[in-house]
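Here is the structure we will look at.
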Amino acid sequence: MLQPLVWENDKIIFLDQRKLPHNEELFIAKTVEETAFAIKNMVVRGAPAIGIAAVFGWVLGKNQKIEDKKIYNILKNTRPTAKDLFTALDYMINNKGNAYEKAMNYLKNLIKSEEKLVQNISEIIPNNSKILTHCHSGALAVYNWGSAFGGIAYSKVIEKKNIFLWIKETRPRFQGSITAWEAEKREIPHKIIIDSAAAYLMSKGEVDLIIVGADRISENGDIANKIGTLDIAILAKYFNIPFYIAAPFTTVDLSISNGKDIIIEKRDINEIKNYKDKLIYSENEFNFFNPAFDVVPNSLITDIITENGFYNK
Ligand code: RUB
């Protein structure tokens, strides 16, 4: 399964992303509460995939005969930063009709956008390029291809471009290992680096361009993405390397004028203290802080690519 979830017989079947890259296990949600658990605990993750989970979670809530407002609140109170969750919930509450049909329409529209998005991304990827990415923005973060990684995969698989991919490990959740897992499936040559190795590679001329996803894009083109995105945006400016953002329009939030208003999720410090459920610090040793996203000002971004085209051009 190279998709974040499928809907089957009134159940959502998730590929459990907590278990990747070593185990391909399924997580089944039969209720809206189980769907909320899956989003909060990152069984499913990546902004657009969270939105898809939410629309099918809504169908489960309707099957349980829960009223709309309550379903909305259960799903809303999971993760605050990715706009797609709220785009999806607003779509379900503001449109009339059968919940399952609405959810399927949301998914179909997103798949159409994704296809156009990856073609647009591929336009800015030259043949023979060394690309750096951060976090995971592949099929499991959207549906068939992905956003940033999806465009890289499309340019390799469909357009047969010669590409090498540097993948930042992305502590503490190691989404980089999910990117590497997808890169293997797409036969994209790649290497994982620790997060702090990016400046070294750029200084050695080993990075031709950077493409990452986004969790929320404000009206002025500031973006929030996985913590550690701002670092490489600043480095890209210093080393004069093109820095691109790619996301479907479901990630765009025109109700906020700039990135300062984006709510940054702070996650459990146990994510830092543990590696794959093994404690790497003693129980009560030291203090920690775990912000999950940062904001990149538009002045550091070469362009934002959506299915509708290029934002800064
Ligand atoms: C995921 C993340 C991804 C974007 C991709 O964070 O930052 O880059 O969600 O989204 P997490 P898009 O793992 O915490 O969910 O496809 O809209 O660019």
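Every number in this text was worked out from the coordinates using simple rules, so none of it is lab data. In this text, all values refer to a predicted model and were calculated from it rather than measured experimentally. A quick note on method: Cβ atoms are made from the backbone with ideal geometry, for glycine too, and the neighbour counts reach across all protein chains shown.
Quick look at the values:
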{"item": "Simple spin-label estimate for GLU33 and LYS116 in nanometres, 7 Å along Cα-Cβ", "result": "4.1 nm"}
{"item": "Label-point separation, LYS185 to SER255 (7 Å along Cα→Cβ), nm", "result": "3.3 nm"}
{"item": "Inter-site label distance for ASN240 and LYS65 at 7 Å from Cα along Cβ, in nm", "result": "6.9 nm"}
{"item": "FRET efficiency, PHE288 to ILE264 (Cβ-Cβ, R0 25 Å, nearest 0.05)", "result": "0.95"}
{"item": "Antiparallel bridge percentage (DSSP; both residues within the range 95-192; nearest 5)", "result": "10 percent"}
{"item": "Computed FRET value (nearest 0.05) for GLU271 with LYS76, which takes r as the C-beta separation and R₀ as 22 Å", "result": "0.50"}
{"item": "Per residue Cα convex hull volume in Å³ - calculated over the chain", "result": "133 Å³"}
{"item": "Expected-Rg normalisation [2.2 N^0.38 Å, Cα atoms] applied to the range 193-233", "result": "1.33"}
{"item": "Sparse-neighbourhood loop sites, trypsin sites (Lys or Arg not before Pro) in the range 73-176 - DSSP loop, at most 15 other Cβ within 10 angstrom", "result": "LYS96, LYS160"}
{"item": "Span from the the range 140-193 Cα centroid across to the the range 62-130 one, whole angstrom", "result": "22 Å"}
{"item": "Extension reserve of the LEU279-LYS40 stretch, reckoned as 0.36 nm per residue once the Cα distance is removed", "result": "83.9 nm"}
{"item": "Exposure rule at most 10 other beta-carbon atoms within 10 Å, DSSP loop chymotrypsin sites (Phe, Trp or Tyr not before Pro): the chain longest free segment", "result": "1-285"}
